[in-house]
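These notes concern the structure reproduced below.
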Amino acid sequence: MRQAIQTSDAPQAIGPYSQAVRAGEFLFISGQIPLDPATGEIVDGDIAAQTERVMENIGAILAAAGVSFANVVRTTIFVADLGDFATVNDVYARYFDAPAPARATFQVARLPKDARVEIDAIAKL
């Protein structure tokens, strides 16, 4: 059985998908880009500011499901420029205690709304 998770503390979906879906003991969080939940616009600032907003959006969705970053077991990071990897990694690392989740990182040609970073996550409930 699937259950959609929705919160106004994270950006609303900009397509036909849920912010997250609970399926059994897992929570699947859709890719989050650095949208300000209040305005629906990409936040101002550099890659660090964009990554911070993405992580805050993921945190809000986790909270809506009653869990935290400690429950995250897998993430995927998509960046427009792999040259930003070190900065993204530094911001990302602040949200996780050891052991960090499993992860993959990819450079992609383009992200929605020309964001510079997108991250999705899977958490164990």
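Every number here is computed from the coordinates shown, using simple stated rules; none is lab data. Quick caveat, the model's predicted, so the values are computed rather than measured. Here Cβ is always computed from backbone atoms with ideal geometry, including for glycine, and neighbour counts include all displayed protein chains.
Given R₀ = 25 Å, what would the calculated FRET efficiency be for LYS113 paired with GLU25, taking r from the Cβ atoms and rounding to 0.05?
0.15
Among (i) 14.6, 46; (ii) 13.5, 41; (iii) 15.7, 57, find the value of Rg and Dmax of the Cα atoms in Å that was calculated from the structure presented, and write down its label. Among (i) 14.6, 46; (ii) 13.5, 41; (iii) 15.7, 57, the one calculated here is (ii).
Relative to the current alpha-carbon distance between ASP81 and TYR17, full extension at 0.36 nm per residue lengthens the span by 20.5 nm. The phi torsions of the stretch 83-97, fed into the Karplus equation with coefficients 6.51, -1.76 and 1.60 and a -60° offset, translate into couplings of x, 8, 3, 4, 5, 4, 4, 4, 5, 3, 4, 5, 8, 10, 8 Hz, rounded to whole numbers, with Gly and Pro shown as x.
Its relative contact order, with pairs defined as Cα atoms under 8 Å and 6+ residues apart, puts the chain at 32 percent.
The local environment of ALA70, defined by Cβ-Cβ distances under 13 Å, has a net charge of 0 under the rule Lys, Arg +1 and Asp, Glu -1. Estimated from the Cβ-Cβ distance and a Förster radius of 22 angstrom, the FRET efficiency linking ASP46 and ALA70 is about 0.20.
Label separation (MET1 vs ALA38): 3.8 nm, computed from points 7 Å beyond Cα along the C-beta direction.
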